[in-house]
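Visitor: First, the structure itself, so that you have it in front of you.
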Amino acid sequence: MNYKKIEELTTVVTGGTPSTSKHEYWDGGTIPWLQSGCCQNCEVFSADKYITQEGYDNSSTRMMPPETVMIALTGATAGKVGYLRFEACGNQSITGILPCESLNQRFLYFYLLSRREQILADCIGGAQPHISQGYVKNMAIPVPTMEDQNNIVERLVNLTSIIANRKRQIELLDELIKARFVELFGDPVLNEKGWETRQFLDMGSCKNGMNFHYEDSGVELNCLGVGDFKDYAVITNTGLLPTVSLNEMPSEEYLLRDDDIVFVRSNGNKALVGRSVAVYPGDTPTTFSGFCIRYRKHDDSITIPYLLRVLKTDSIRKKMAGRGANIQNLNQQILGTLIIPVPPLDLQDQFAEFVKQVDKSKVAVQKALAETRTLFDSLMQEYFG
């Protein structure tokens, strides 16, 4: 395979920021201006900020044409890429690799996606890791024939489109459940239907996870952690969770049971705090991390499918907003302030059956999504190593 440095193939530009103290550089601006947060390993279709022609002329930023492959230079997004779909400029944390005749730009985009781990390993700096424009210029890129590039791009673009469609299907199924919930119960904070209410902690009890003493060898069991909350509302196969090795089996209060609800208690990402899942471990010993809170219901007047959806509504999530300056925290005191409407059981059961049927469709789509992601990853490995 023939490799060439990026700077041997095309022009590389880095942006800049017009002075923020000069309103004439920003007010009424019409030139799209991007920040590194737009690089999220995806296509970029729009800008949140705009600068004026005067601002552009008095800064080091450069216009980038459509099909420019952008790469973030600093911070949490360092090494992430974006495929620009419109003409724009950017700040000093974005380097743009401009289109050229030797490369299908989407081939370059996919190649850089495959190099993220290596780029992160090459980052310098502690609190603010970064790479430089020089680093990007000197990256060696494979340059197969244009026919081979086009064939690779066609397959990867097709799979990317399928993955996006599968994700959208899951979103639509979630929206269907939300819509049905609102139709039956309304907003739980407003309680427009006038249901009887109970305090959340009057209907169950909480237990904070503990920081276990981990061993290289010992008692191995599955552990629900913060990273497992992203894609799920219900976890029925805890055997798929990461495992931990402990010096001894934790006491019963730290082992999950069917119908337990687990919250994210603490995380640097505020959006994760308060997220919840219902867990059904069956006979599989499963614990939960110290960054979580376990809730165990003991009131038969409320069902888990209904309660879980109450806890996921925007109005209740706002009530659970974590407290803390940098690390956000949810605690039992906050949970104790939650007031939960309790509709008739037959209505809760009706909703639970609806969720069950929708979840069957969701499981099928999630399986198809996982298979497509596996195929995409295997092809990326095959093409780029």
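The values are calculated or read from the model by the stated rules, or taken from the named source; none is laboratory data. Just so it is clear, the structure is predicted and the values come from calculations on it, not from any experiment. Here Cβ is always computed from backbone atoms with ideal geometry, including for glycine, and neighbour counts include all displayed protein chains.
Visitor: For residues that are in a loop (DSSP other than H, G, I, E, B) and among the β-branched types (Val, Ile, Thr), scanning just the stretch 1-13, find the one that is surrounded by the most Cβ atoms within 10 Å (Cβ to Cβ). Talk me through it step by step, then tell me what you get.
Guide: Narrowing the stretch 1-13 to residues in a loop (DSSP other than H, G, I, E, B): 1-2, 10-11.
Now restrict to residues that are among the β-branched types (Val, Ile, Thr): 10-11.
On the way: Thr10: 21, Thr11: 15.
In this case the residue turns out to be Thr10.
Visitor: Run down Pro250, Pro285 and say which single residue is in the same structural domain as Gly336 (by TED's automatic domain parsing), touching a residue at least 40 places away in the same chain (Cβ under 8 Å) and out of contact with any Phe, Trp or Tyr (no Cβ under 8 Å at 6 or more places or on another chain).
Guide: Working: Pro250 fails: out of contact with any Phe, Trp or Tyr (no Cβ under 8 Å at 6 or more places or on another chain).
Going through Pro250, Pro285 in turn, just one is in the same structural domain as Gly336 (by TED's automatic domain parsing), touching a residue at least 40 places away in the same chain (Cβ under 8 Å) and out of contact with any Phe, Trp or Tyr (no Cβ under 8 Å at 6 or more places or on another chain): Pro285.
Visitor: Something else about it: Scan the stretch 276-301 for residues that are of a type outside the set (Gly, Ala, Ser), buried (at least 20 other Cβ atoms within 10 Å of the Cβ) and assigned to a loop (DSSP other than H, G, I, E, B) and report the count.
Guide: Start the filter on the stretch 276-301 by keeping residues that are of a type outside the set (Gly, Ala, Ser), which leaves 277, 279-281, 283-288, 291-300.
Subsequent filtering for residues that are buried (at least 20 other Cβ atoms within 10 Å of the Cβ) retains 277, 279, 281, 286-288, 291-295.
With assigned to a loop (DSSP other than H, G, I, E, B) added as a condition, the list becomes 281, 291.
Here the count works out to 2.
Visitor: OK, next. What about Val157, is it buried (at least 17 other Cβ atoms within 10 Å of the Cβ) and part of a helix (DSSP H, G or I)?
Guide: On the way: buried (at least 17 other Cβ atoms within 10 Å of the Cβ): no; part of a helix (DSSP H, G or I): yes.
Considered against the rule, which asks whether it is buried (at least 17 other Cβ atoms within 10 Å of the Cβ) and part of a helix (DSSP H, G or I), Val157 comes out as no.
Visitor: From Glu87, Glu117, which residue is closer than 19 Å to Asp48 by Cα and among the acidic types (Asp, Glu)? Reasoning before the result, please.
Guide: Values: Glu117 fails: closer than 19 Å to Asp48 by Cα.
Exactly one of Glu87, Glu117 is closer than 19 Å to Asp48 by Cα and among the acidic types (Asp, Glu), namely Glu87.
Visitor: Would you check if there is a residue in the stretch 326-346 being part of a helix (DSSP H, G or I), in contact (Cβ under 8 Å) with a residue 12 or more places away in the chain and under 30 Å from Glu154 (Cα atoms)? Explain how you work it out, then say what you get.
Guide: Just the residues of the stretch 326-346 that are part of a helix (DSSP H, G or I), to begin with: 332-335, 345-346.
The next check asks that each one be in contact (Cβ under 8 Å) with a residue 12 or more places away in the chain; those that pass are 332, 334-335, 345.
With under 30 Å from Glu154 (Cα atoms) added as a condition, the list becomes none.
For the stretch 326-346, residues part of a helix (DSSP H, G or I), in contact (Cβ under 8 Å) with a residue 12 or more places away in the chain and under 30 Å from Glu154 (Cα atoms): absent.
Visitor: In addition: Which one of Ile131, Ile124 is at pLDDT below 95, assigned by TED's automatic domain parsing to the domain that holds Gln35, buried (at least 16 other Cβ atoms within 10 Å of the Cβ) and not aromatic (Phe, Trp, Tyr)?
Guide: On the way: Ile124 fails: buried (at least 16 other Cβ atoms within 10 Å of the Cβ).
Testing whether each residue is at pLDDT below 95, assigned by TED's automatic domain parsing to the domain that holds Gln35, buried (at least 16 other Cβ atoms within 10 Å of the Cβ) and not aromatic (Phe, Trp, Tyr) leaves just Ile131.
Visitor: For residues in the stretch 82-102 being modelled with pLDDT of 95 or more and either closer than 21 Å to Arg155 by Cα or not assigned by TED's automatic domain parsing to the domain that holds Gln133 (or both), which is farthest from the chain's Cα centre (by Cα)?
Guide: If we take residues in the stretch 82-102 being modelled with pLDDT of 95 or more and either closer than 21 Å to Arg155 by Cα or not assigned by TED's automatic domain parsing to the domain that holds Gln133 (or both), then Pro99 is farthest from the chain's Cα centre (by Cα).
Visitor: Looking at (1) crowded, with 16+ Cβ neighbours inside 10 Å; (2) under 19 Å from His130 (Cα atoms); (3) among the small types (Gly, Ala, Ser), which is the only condition Ala76 fails?
Guide: Going through (1) crowded, with 16+ Cβ neighbours inside 10 Å; (2) under 19 Å from His130 (Cα atoms); (3) among the small types (Gly, Ala, Ser) one by one, Ala76 breaks only (1).
Visitor: Further question: Could you tell me which numbered condition Met63 fails, if it satisfies all but one of (1) of a type outside the set (Val, Ile, Thr); (2) within 29 Å of Thr145 (Cα to Cα); (3) out of contact with any strand residue (DSSP E or B) (no Cβ under 8 Å at 6 or more places or on another chain)?
Guide: (3)
Visitor: Among the numbered conditions (1) within 22 Å of the chain's Cα centre (by Cα); (2) buried (at least 21 other Cβ atoms within 10 Å of the Cβ); (3) at pLDDT below 95, tell me where Glu117 comes up short.
Guide: (2)
Visitor: Among Val244, Val273, which is the only one that is closer than 23 Å to Ile177 by Cβ, in the same structural domain as Phe291 (by TED's automatic domain parsing) and either surrounded by fewer than 21 Cβ atoms within 10 Å (Cβ to Cβ) or in contact with a strand residue (DSSP E or B) (Cβ under 6 Å, 6 or more places away or on another chain) (or both)? If you could, list the steps in order and put the result at the bottom.
Guide: Details: Val244 fails: closer than 23 Å to Ile177 by Cβ.
The conditions single out Val273.
Visitor: Turning to a different aspect of this structure: Among Val189, Val153, Val157, which is the only one that is touching a residue at least 12 places away in the same chain (Cβ under 8 Å), of a type outside the set (D, E, K, R) and in contact with a strand residue (DSSP E or B) (Cβ under 9 Å, 6 or more places away or on another chain)?
Guide: Val189
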